[in-house]
Number of protein chains: 2
Amino acid sequence: MTRVLEIVDRRLGDRCCDPTARPSRSHAEAEAAAIDFDQLAHPVRLQLLDVLARNEGRVCVCDLEAAVPVKQPTVSHHLRLLREAGLVESEKVGQWVYYRIRRDAARALRDRVQQVLRAFA
Amino acid sequence: MTRVLEIVDRRLGDRCCDPTARPSRSHAEAEAAAIDFDQLAHPVRLQLLDVLARNEGRVCVCDLEAAVPVKQPTVSHHLRLLREAGLVESEKVGQWVYYRIRRDAARALRDRVQQVLRAFA
DNA sequence: GGGGTATATTGACGAACGTCGATATACTGG
DNA sequence: CCAGTATATCGACGTTCGTCAATATACCCC
């Protein structure tokens, strides 16, 4: 009895609307997508990727440094993040280190991002 | 004389490669793009946008709260960020506030993001 | 091997971010 | 006007991020 009254109370209650509005993706999936966006959410990383994408083959770190307005340790830091994200790879040649973009990973990232965005717009 | 020697020294010097590798976009443009990615770089914001996109019309805050695993002030915080970014708009109706996604802004954001990504992959 | 160069790493620092309890504000029904 | 509810704001706190000077590491050439 009490139970029925409670249910009725809820139905007639002061809900603004019923929560049919559920997210289509789990929070875990949203977290994964957020990581994708996070990797691109810094101007220096975007510029580094831009230079690397535009230079088929390899670019040495000194040229990457010249392309962005931060000091050498900071460039190294962002290159590390990009490397750990799998978006670039590096190769040591003598005294220098050359970076190149990983097209496959970049394409996969682009596809995942586009899929998220398709749901919004 | 000294000057010529210096130039020659640089030419023959120990550069790994000439910096033909310049970014195609300015740092200011990269900063603007990074802001776009930043707005999407959080799981709660992605989930909120997801729910809003999937509900043509309006969704009240209480339902948005139910859709994400954070407390009410945090939901309010992220809704404010989305509102300030122009991605959603709100309307107060009596006791409740309804949010809706701004399709035009979402589409514009998507297009800008896609343009950046096209350069990479 | 010693001096020079390229890149990475470390450590420190301030700034920005994310979260939440507490509170304020605005509305509603009685 | 009062008690209750919905949402926003405030204030504090811990965490992560971005940057750089200093240093380490690895390489090169003489």
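None of the figures in this text is laboratory data; all of them are computed from the coordinates on show. It should be emphasised that the depicted structure is a prediction, and the values quoted were computed from it without experimental measurement. We place every Cβ from the backbone using ideal geometry, glycine too, and count neighbours over all the protein chains shown.
Measuring label to label, 7 Å along Cα→Cβ, what does residue A:54 give against each other copy in nm, shortest first?
Computed spacing set for this position: 4.0 nm.
List the distances, in nm and shortest first, from the label point of residue A:70 to the matching label points in every other copy, placing each point 7 Å from Cα along the Cα-to-Cβ direction.
Label-point distances to the other copies, shortest first: 2.3 nm.
Assign one of three labels to region A:32-120, namely rounded, prolate or oblate, based on the Cα gyration tensor with a ≥ b ≥ c the square roots of its eigenvalues; rounded applies when a/c is under 1.5, prolate when it is not and a/b is larger than b/c, and oblate otherwise.
Verdict is prolate for region A:32-120.
Please report, for residue A:86, the nm distances (one decimal) from its label point, 7 Å out from Cα along the beta-carbon direction, to the equivalent points in the remaining copies, shortest first.
3.5
When Cβ neighbours within 10 Å are restricted to other protein chains, what is their mean count per residue of peptide A:59-68?
Other-chain Cβ atoms within 10 Å of each residue's Cβ, averaged: 4.
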